[in-house]
Amino acid sequence: MLTSELERGERNDLNLKVFATDIDADALQLAAAGVYPMSAMLDIPPDLLARYFTKDGDSYRVSEALRRSVIFSRHNICADPPFNRIDLISCRNLLIYFRPEIQQQVLGVFNFALQPEGMLFLGHSETLGDESNGYRVLNQRWKIYRRIADTPRPALHSLSVPTREDMRLPGEPE
């Protein structure tokens with residue numbers, strides 16, 4: 001969708017780079033292969049499916065052009081240095097696995113990493129918590145926020161690496 005919007009707009013000089021990060025090397029290897037079962041493609045509009053994927057037996061393979069715009073990297077948001085000057089962070093349903101104090105630390109990292117006016121896209125059950133003063137709501141339903149440009153970037157302190165006790169299992173109450 002982002003590539004379609006860039007092509008439709010007047011800014012053809014923009015170069016889209018997506019940093020796809022995960023702590024799980026196996027998940028990254030699977031994603032980098034770019035091959036998805038038919039069941040994973042059910043919600044993809046037919047025009048996008050035809051444009052960005054090719055049928056390969058019982059699966060679909062992502063197009064080479066789209067694949068070149070994605071950089072896969074192993075990254076631990078709680079222990080590794082943050083990326084910097086990011087335009088958009090999509091963090092869908094990661095924070096829900098952390099205890100509130102770790103969630104706030106990670107949100108501080110996001111605030112540090114985003115450019116002024118950068119956007120943050122959270123999961124349905126996630127909130128900004130104490131970081132909400134630094135963001136303007138763009139879409140409450142989809143949890144899309146824009147960093148307020150003149151909000152100072154937080155000082156980046158080393159994060160405490162979460163222990164098993166800091167994390168929650170799916171369905172476990174806070």
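Table for the structure above
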| item | result |
| --- | --- |
| Long-range tail of P(r) for region 12-103 (Cα pairs > 20 Å, %) | 50 |
| Shape box of region 37-83 [Cα atoms, principal axes, largest first, Å] | 39, 22, 19 |
| For D47, solvent-accessible area (1.4 Å; no DNA, RNA or ligand), Å² | 100 |
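The values are calculated or read from the model by the stated rules, or taken from the named source; none is laboratory data. From a predicted model like this one, the values you see are computed outputs, not experimental measurements. Side chains included, ligands, DNA and RNA excluded: accessible areas come from the protein's heavy atoms. Shrake-Rupley method; radii C 1.70, N 1.55, O 1.52, S 1.80 Å.
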